[in-house]
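The values are calculated or read from the model by the stated rules, or taken from the named source; none is laboratory data. Computed from a predicted model, the values in this text were never measured in an experiment. So basically every Cβ, Gly included, is an ideal-geometry build from the backbone, and we count neighbours across all protein chains shown. Just so you know, the surface numbers come from the protein's heavy atoms only, side chains and all, with ligands and any DNA or RNA stripped out. Shrake-Rupley method; radii C 1.70, N 1.55, O 1.52, S 1.80 Å.
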Amino acid sequence: MGGVAGLAPPVDVAELAKLAGEFFSALPGGAATTAAPQGVSNGLPLGLSHLGGPSQLATPPQPPEPVLALGGRGPSLAPVAQTQNGLPDKLAQSAPAGGSRGGHAQGVPEGYAASLPSIGTPAPAHLPSNPPSDPPASAPSSPYYFLGESSAHSASAPDVAVPVEDRVTARSFGLPGEDDLRVLLGGAPTAPTSAVAGAPAHAKEPELKKDQWFYFTDLTRGHQNAEHGRAPASQAGARPPFDVNAVRRDFPILQERVNGKQLVWFDNAATTHKPQAVIDRIAYFYAHENSNIHRAAHELAARATDAYEAARDKVRRFIGAGSSEEIIFVRGTTEAINLVAKTWGAQNVGEGDEIVVSHLEHHANIVPWQQLAAAKGAKLRVIPVDDSGQILLDEARKLITDKVKIVSVTQVSNALGTVTPVKEIVAMAHSVGAKALVDGAQSVSHMRVNVQDIDADFFVFSGHKIFGPTGIGVVYGKRDILEHMPPWQGGGNMIADVTFERTVYQPPPNRFEAGTGNIADAVGLGAALDYVERIGIENIGRYEHDLLAYATQGLLTIPGIRLIGTAQDKASVASFVLKGYTTEEVGKALNREGIAVRTGHHCAQPILRRFGVETTVRPSLAFYNTCEEVDRMVAVVSQLATARR
């Protein structure tokens, strides 16, 4: 009788089934289930099918590849070996082969009305990895680990409580790991390798390695930055260690090679890459939900409408808005600011009035207000910054007078990374009766945003800056303000009634979404926000803070480097110039090594000129970047500096 590799002493299949069944029966609330599901003939209990049937036992099973997809992949609920972070070693990469799966191996279905019928019948999460060709009719229809809104695909099983989106990265479901099985079967347990929330008391803390472990569950142990010696109250002890290598596996483009070198993406302030969960969700929409919304009685219209409106509610939750009716979908931040300028601005700004922006603004938060001022005879005022690139609040107070109608400022500078005191600036605007718009394009992917806490009248951002699709963005506006604003464009979807004599408009937000919107990418944005929430925006911000500090320290060791923007409170942007080189030359040298950075004026010419430069090299970091990648960049720039000395 063949033995099972890695387990000692060898046992036969019957003994293995018996012992494993006893072990499962000992789990809290668990009952032994030694009978195989219908059609399974290997004689093993549920959850042990990955060991193979009798015919396979002569060949030792291959060790599972350590893959952790944080972006909503389906779990194999077999008791597999644990990775160093204590999470399941291998998650299902798609709906299992064999039998009809309804064609939705990809995607993260969500947003359906609960009453809609199921499409397809993928294997339940608790079935073996080699299911019968005819799965039970009652099989739940989602293979995905994390579920979204009410859905015909909500996976559930009587013996497994699948978690809803609770911002926990992954769960073990209380199933045994390798050590437990070794003890059960008489073998010696291996040395524990992880100390995570919920781990056994005897588990040892793993060694902190560069590019791998950043502890947010207990920052008094693993975290290396004294400034961040405690976790946020909502996060402390709530999740496993942050593993950047696991995160990177969720982003397929990071495996791309440029000039024969592994891609390093340091152009995140321009656009961020998309996790597989987002790519799959968009593909799923086009494969199973594609329809126009709001205006049909057929099922696909209902699915598409539910998915689109679920995405709107995800945005509401993510930025802390009071109502989904305050969320308007547009193409991006640029269109969002233009919408406000050309609706509220055209209605409320007149001759002699003033509009206030800061010196840090992107062109998209300058040009629409210039156009409005020119059209109305108003004046544009600019809040200056200090030599570090931080807004001068005392100067802001002098500028924000009762002549001001609207103050529009960025929360994070795209060119310098400066985090601005938007809450104080909004309060200044309100003190003189003015409205306030906050440009969140560069902030939402780095920090927790709560529009009610900021008290912004308008908040805008783009999906592609937060790991979502291009061509989708958001305007948040306070409901009482939106209700009194004229429409942005005219057409279908935004009307209640049309005659040749008059038109009655829909209430917000439909009033501002004329025509067929970018439905699929709105749904993709919702999936991106789900992904970010599962990892935790505070965890992301903390990791990026440390990575920026590491990159800044490395760059400052290079002769001839000048950092542009050195405010104490910064997001992960490190603009610089190198003596003896144009920024384009530096960018090309980095590109030859597969490293992507932005060079140029970054659509923020006024702030660069404030520092006496026309262009900079701008590496901008995200939570999937690593210290090793920073080292590669610093090495290239150091070689350039040495060559011109």
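By how many nm would the segment from Val432 to Thr271 grow when fully extended, if each residue of separation counts as 0.36 nm and the alpha-carbon distance is taken off? Before the final figure, lay out each step's value.
Values: separation 161, 0.36 × 161 = 57.96 nm, distance 3.63 nm.
The Val432-Thr271 span can extend by a further 54.3 nm.
For region 551-645, the residue among Ala551, Gly587, Ile607 whose Cα projects farthest onto the positive side of the dipole built from Cβ charges is Ile607. Between Leu380 and Asp453, the C-beta separation translates, for a Förster distance of 35 Å, into a calculated FRET efficiency of about 0.80.
Here the scattering of region 306-458 is modelled by Debye summation over its C-alpha atoms, one equal scatterer each and no solvent; at q = 0.11, 0.13, 0.14 Å⁻¹ the log10 of I(q)/I(0) is -0.41, -0.57, -0.67.
Along the axis of the charge dipole computed for region 446-519 (Cβ charges of +1 for Lys and Arg, -1 for Asp and Glu, origin at the Cα centre), the listed residues Tyr476, Gly463, Val498 are led at the positive end by Gly463.
Amide H contacts of Ile561 (H built 1.01 Å from N, in plane; Pro and chain starts excluded): Lys579 sit under 5 Å, all sequence-distant by 5 or more or on other chains.
For Phe512, the solvent-accessible surface with a 1.4 Å probe is about 10 Å², rounded to the nearest 10. Using the average count of surrounding beta-carbon atoms within 10 Å as a protection proxy, the listed peptides 518-525, 562-569, 611-618 rank, highest first, as 518-525, 611-618, 562-569. Using the beta-carbon distance between Thr503 and Gln605 and R0 = 41 Å, what value does 1/(1 + (r/R0)^6) give for FRET efficiency, to the nearest 0.05? So, using R0 = 41 Å, E works out to roughly 0.50.
When each of the peptides 477-485, 450-458 is scored by how many other beta carbons lie within 10 Å of its residues on average, the order from highest to lowest is 450-458, 477-485. In a fully extended conformation the segment linking Val613 and Thr642 would gain 8.2 nm over its present Cα-Cα distance, using 0.36 nm per residue.
Could you state the orientation-averaged shadow area of the convex hull built on the Cα atoms of region 283-382, in nm² to one decimal?
8.8
The calculated FRET efficiency for the pair Asn245 and Arg479, based on their C-beta separation and a Förster distance of 45 Å, comes to about 0.55. Accessible area per residue (1.4 Å probe, heavy atoms of protein chains only) ranks Lys403, Lys570 as Lys403, Lys570, with the largest value leading. Which of the pairs Lys261/Lys570; Lys403/Lys570; Lys423/Lys478 have their Cα atoms more than 25 Å apart in this structure? Too far apart for the 25 Å limit: Lys261/Lys570; Lys403/Lys570. Shown here are the Rg and Dmax of the Cα trace of region 527-645, at 15.0, 49 Å. Run the 1.4 Å probe and let me know the accessible area of Val498, rounded to the nearest 10 Å². Solvent-accessible area, nearest 10 Å²: 90 Å². Between Ala307, Ala336, Pro384, whose Cα lies farthest towards the positive end of the dipole of region 306-402 when Lys and Arg beta carbons carry +1 and Asp and Glu beta carbons carry -1, centred on the Cα centre? Towards the positive end, the residue furthest out is Ala307. Note on region 391-448: Kirkwood radius taken over Cα pairs, Stokes-Einstein applied at 37 °C and 0.692 mPa s, translational D equal to 278 µm² s⁻¹. Under a 5 Å amide H cut-off, with hydrogens placed 1.01 Å from N, Ser443 pairs with Val412 among residues at least 5 apart or on other chains. Each Lys or Arg adds one and each Asp or Glu takes one away; over the other residues whose Cβ falls under 11 Å from the Cβ of Pro487, this sums to +1.
When the square roots of the Cα gyration tensor eigenvalues are ordered a ≥ b ≥ c, the ratio a/c for region 441-513 is 1.5 or more and a/b does not exceed b/c, which makes its shape oblate.
When the accessible area of region 395-501 is computed with all protein chains present and a 1.4 Å probe, what percentage of it is carbon and sulfur? That share works out to 50 percent.
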